[in-house]
Amino acid sequence: DMAARARAKGHELMLHVPMEPLGHEIDAGPHVLTVDASERELLKRLSWGLDRFPGYIGINNHMGSRFTRDRRAMSVVLAELKSRGLMFLDSKTTLGSAGDRVRNASIRCSKSGSKRPGMSAAIGVQG
C-alpha cells in the first residue's frame, strides 16, 4: 500500500483529522470532531480515522479553530493519542488553542513551534 511504501522510503506519516472550525457554514467533512460531541462520540470519530491504516506517528488538525480552543475536547483527543503513543501537531489555526493548556495541566508532552496562527506546533504526547 502507499503508506507502507512511504515508510519504507523513510517518510514519517501524519494523519490529518477534521476538527470543527469557527465558521458553521464550513463543512469540515465526515467524522469531524466537534466540541458538542460526548467523550464517547469523540473517541468513536477519532478511532474511525486512527484505525484506517497503521504506521503514522501522530495526527494534525484539519481546520479545527473552534475544536482546538476547547479544553475538554482536546483533553479527550490528547489522552487517546497518549494511550496510542502518538503525537499531535497543532496547526495553530487560532491563538486560543487549548493544546498547550491541556498539555501543561495533565499530559506530559514535548512542544516546539510558533504561537502565531498558521504556524504549526508539535505536541508529542508521551506516556
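Within this structure, residue 44 passes the test of being at pLDDT 90 or above and more than 12 Å from the chain's Cα centre (by Cα). For region 37-49, the criterion of a residue being over 16 Å from residue 74 (Cβ atoms) and of a type in the set (A, V, I, L, M, F, W, C) is satisfied by at least one position.
The values are calculated or read from the model by the stated rules, or taken from the named source; none is laboratory data. Keep in mind it's a predicted model, so treat the numbers as computed, not measured. Positions of Cβ are backbone-derived with ideal geometry, glycine not excepted, and every protein chain shown enters the neighbour counts.
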